[in-house]
Amino acid sequence: MGQRRTQVLHTAIDLLDEVGLDGLTMRLLADRLGVRASALYRHYPSKQALLDAMVAHLVTPPDAGATLDGPWDHQLRAVAHGIRHLMLAHRDGARLIAGFHDPGEHAVASFHPLIDPLPTAGAPPATAMVAVDTVLAYVNGYTTEEQARATDPGAPSRPQRDQAFHDGLDLIITGIRTHLTTTKPPA
């Protein structure tokens with residue numbers, strides 16, 4: 001990625017944190033960079049392309065080639081908590097990630113290792129995909145709601161939200177585990 005393109009990307013992420021997803025406009029980004037809005041389209045052909053690049057940058061870990069260790073359920077838990085933490089680190093982070101169209105090959109590739117352990121535990125490949133997708137959808141939905149209610153004075157405290165998130169994730173993983181043990185083909 002070119003230096004100027006990287007600068008545009010990082011400035012857009014900084015602006016997201018300042019003004020939120022609804023306030024992030026190409027015009028505001030251009031003003032922050034001291035250029036005309038049309039200049040941004042040399043680096044990103046549309047706002048959606050920029051948003052997708054932001055998602056790819058945020059969800060692709062620096063050690064993208066690293067593998068996860070431990071049983072499948074521990075791996076799913078670790079990733080779920082990590083993604084939630086990432087989303088909460090950025091204003092409207094969950095909405096940004098939910099709205100991606102094309103997160104890029106590196107971001108997509110980082111989720112394949114989550115699916116791989118499930119067939120070893122007895123899940124058919126299609127079930128493994130549904131299980132991982134369900135966990136990721138839960139993380140996104142929970143965190144979207146959490147961020148939407150962040151300014152509500154009656155909102156639960158962070159420790160309460162953390163516990164509720166953990167409890168919901170436990171329910172999903174217990175359901176996956178139960179499904180795996182009740183649908184195993186006869187030996």
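The values are calculated or read from the model by the stated rules, or taken from the named source; none is laboratory data. This structure is a prediction, so every number in the text was calculated from the model and none was measured. Reconstructed Cβ throughout: ideal geometry from the backbone, glycine too, with neighbour counts over all protein chains shown.
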Inset, instruction - Kindly indicate whether any position in region 163-182 is assigned by TED's automatic domain parsing to the domain that holds His90, closer than 27 Å to Gly99 by Cα, outside any helix (DSSP H, G or I) and in contact with a helix residue (DSSP H, G or I) (Cβ under 8 Å, 6 or more places away or on another chain). - result: no
Legend entry - Any hit, region 63-86, residues being surrounded by 20 or more Cβ atoms within 10 Å (Cβ to Cβ), more than 28 Å from Ala128 (Cβ to Cβ) and either in contact with a Phe, Trp or Tyr (Cβ under 6 Å, 6 or more places away or on another chain) or in contact (Cβ under 8 Å) with a residue 40 or more places away in the chain (or both): no
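Out of Ala64, Ala12, which single residue is modelled with pLDDT under 95 and either within 25 Å of His85 (Cβ to Cβ) or of a type in the set (Ser, Thr, Tyr) (or both)? Give the steps one after another, and end with the answer.
Values: Ala12 fails: modelled with pLDDT under 95.
Among Ala64, Ala12, only Ala64 is modelled with pLDDT under 95 and either within 25 Å of His85 (Cβ to Cβ) or of a type in the set (Ser, Thr, Tyr) (or both).
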Inset, instruction - Considering every residue within region 147-166, establish whether at least one is in contact (Cβ under 8 Å) with a residue 40 or more places away in the chain and polar (S, T, N, Q). - result: yes
Inset, instruction - Sort out which residues of region 89-114 are surrounded by fewer than 18 Cβ atoms within 10 Å (Cβ to Cβ) and outside any loop (DSSP other than H, G, I, E, B), and write them in order of number. - result: Ala98, Glu105, His106, Val108, Ala109, His112, Pro113
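With the requirement that a residue be of a type outside the set (Phe, Trp, Tyr) and surrounded by 18 or more Cβ atoms within 10 Å (Cβ to Cβ), what does region 145-169 give you? Steps first, answer last, please.
To start, the set of residues in region 145-169 that are of a type outside the set (Phe, Trp, Tyr) comprises 145-164, 166-169.
Of everything in region 145-169, those that are of a type outside the set (Phe, Trp, Tyr) and surrounded by 18 or more Cβ atoms within 10 Å (Cβ to Cβ) turn out to be Glu146, Gln147, Arg161, Leu169.
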Legend entry - Cβ-Cβ under 8 Å pairs, at least 6 apart or on other chains, region 11-38 side farther than 15 Å from Arg95 by Cα and touching a residue at least 12 places away in the same chain (Cβ under 8 Å), far side of a type in the set (Ser, Thr, Tyr) and assigned to a helix (DSSP H, G or I): Leu29/Thr11; Arg32/Thr11; Leu33/Thr11
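Here's a check for you: in region 20-31, which residue that is part of a helix (DSSP H, G or I) and either surrounded by fewer than 15 Cβ atoms within 10 Å (Cβ to Cβ) or aromatic (Phe, Trp, Tyr) (or both) is farthest from the chain's Cα centre (by Cα)?
First, pick out the residues of region 20-31 that are part of a helix (DSSP H, G or I): 20-23, 26-31.
Next, only the ones that are either surrounded by fewer than 15 Cβ atoms within 10 Å (Cβ to Cβ) or aromatic (Phe, Trp, Tyr) (or both) stay: 22-23, 27, 31.
Working: Asp22: 18, Gly23: 20, Arg27: 26, Asp31: 28 Å.
For region 20-31, the residue satisfying everything is Asp31.
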